[in-house]
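Laboratory data are not the source of any read-out in this text; all were calculated from the coordinates shown. Predicted, not measured: the structure shown is a model, and the values here were computed from it. We place every Cβ from the backbone using ideal geometry, glycine too, and count neighbours over all the protein chains shown.
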Amino acid sequence: MQEENENQLPDEEQGLADRITGLGQKIIGEVEMIGGILTGDPNTAAEGEFNLEVGDLREDVEEDLEGSEDNEGQ
């Protein structure tokens, strides 16, 4: 049991990890989109745009969750 708890991040650090994941997905999306444009591959460009949107949504959801947690604590 002790090993399972050691691998879990505290709530505050988990939020940071989620934000980095959203940012990372946005960066990957930018690279894919530019690569698709440069190579003339519309599928890769579209996949890049999709990853950009998902990264934005991940960041928005995390901000909303943080806001709701702050309101509950008051």
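Going from the fewest other Cβ atoms within 10 Å to the most, the residues Val61, Val54 appear in the order Val61, Val54.
Label positions at Val31 and Asp64, each projected 7 Å from the Cα along the C-beta direction, are separated by 2.9 nm.
Using the crude model of +1 on Lys and Arg Cβ and -1 on Asp and Glu Cβ, and no other charge, please compute the dipole size for segment 16-68 relative to its Cα centre, in debye to 20.
On the way: 3 positive and 14 negative charges, 45 e Å.
Rounded to the nearest 20 debye, it is 220 debye.
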